[in-house]
1. Tally the DSSP beta bridges in the chain and give the antiparallel ones as a percent, rounded to 5.
2. Just add up the charged neighbours of ASP83: K/R +1, D/E -1, any other residue whose Cβ is under 11 Å from the Cβ of ASP83.
3. Suppose every K and R has +1 on its Cβ and every D and E has -1 on its Cβ; what is the size of the dipole of segment 3-220 about the Cα centre, in Debye to the nearest 20?
4. Who wins for biggest fluctuation among PHE40, PHE13, PHE88 in a Gaussian network model of the chain, springs between alpha carbons below 10 Å?
5. Over the Cα atoms of segment 115-224, how large are the radius of gyration and the largest Cα-Cα distance (Dmax), in Å?
6. May I ask you to give the average projected area over all directions of the convex hull of the Cα atoms of segment 3-220, in nm² rounded to one decimal?
7. Sorted from fewest to most neighbouring beta carbons within 10 Å, what does the list GLU72, GLU18, GLU29, GLU175 look like?
8. No solvent, one uniform scatterer per C-alpha: report log10 I(q)/I(0) for segment 130-172 via the Debye equation at q = 0.21, 0.23, 0.33 1/Å, two decimals.
Amino acid sequence: MPILAPSILSADFGHLEEHVREAVSAGAEWIHVDVMDGHFVPNITVGPLVLRALRPVADDTGALLDVHLMIEQPDRYVDAFADAGADFITVHVETCPHLHRTLQAIRERGVRPGVTLNPGTPLSSLDAVLDQVDLVLVMSVNPGFGGQEYIEGSTDRIRTLRDRLDRLGSRAHIEVDGGLNPDNVRAVVEAGADVIVAGSAVFKGRGTVADNVRAFRRGWSSEA
Ligand code: DX5
Ligand code: ZN
């Protein structure tokens, strides 16, 4: 059964804890925290303070804090996000000239390292580090904003990545992020994704947050 990781980017920040708790109570296992600096991507969001505010929710419920760093020079902030309680820290290959060392530094802090890449970046850019990560995040939109359309070519990239990880004997998660909803999620899971990020479909979807979480769980198990 895939893991659902609602992205707080689309949450109502006036009711953040309440809505995150609602999502977790309805079955979401991870909380996806999108960190943006206005340089690597044209948007600014949250930092370690908000992660720290969500740590009690994770402690109470067993949910994992899944931090997606869309920032320049992420090495400078690994300690701050580790101290704030991150369970996973995922960095963009496009922002890490010393990627092997950055991933090592994340793991040395007792945090599970992840790597991610933009839709225009070749999968081969990850080849040298696939054995070093616990998670590979496949961006299925250009990073920066919620509510975008899923980029269809992402499904083949997921399939290719799953094949590469299987051949390596890697147990790394494949997380997919961007434009996912209960209607398109099944194909993504069938291609090999086991963690699904969803922001607008959960926090700005058709029903309540709980309804929207349950709709995903139906969506990825529904018959075609
Ligand atoms: C985009 C973020 C995604 C985004 C997903 O840069 O990395 O996590 O919040 O939002 P939706 O699910 O609305 O596409
Ligand atoms: Zn994200």
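Values quoted throughout were computed directly from the atomic coordinates according to the rules given, and no laboratory measurement underlies them. This one's a predicted model, so the numbers in the text were calculated from it and none came from an experiment. Ideal geometry is used to build each Cβ from the backbone, glycine not excepted, and the neighbour counts take in all protein chains shown.
1. The antiparallel fraction comes to roughly 5 percent.
2. Residues near ASP83 contribute +2 overall.
3. On the way: 20 positive and 31 negative charges, 63 e Å.
The calculation lands at about 300 debye.
4. PHE13
5. For segment 115-224, the Cα-based Rg and Dmax read 14.0, 43 Å.
6. Its average projected convex-hull area is 10.5 nm².
7. On the way: GLU72 15, GLU18 12, GLU29 18, GLU175 27.
By the 10 Å Cβ count, ascending: GLU18, GLU72, GLU29, GLU175.
8. These q points yield log10 I(q)/I(0) values of -0.73, -0.81, -1.14.
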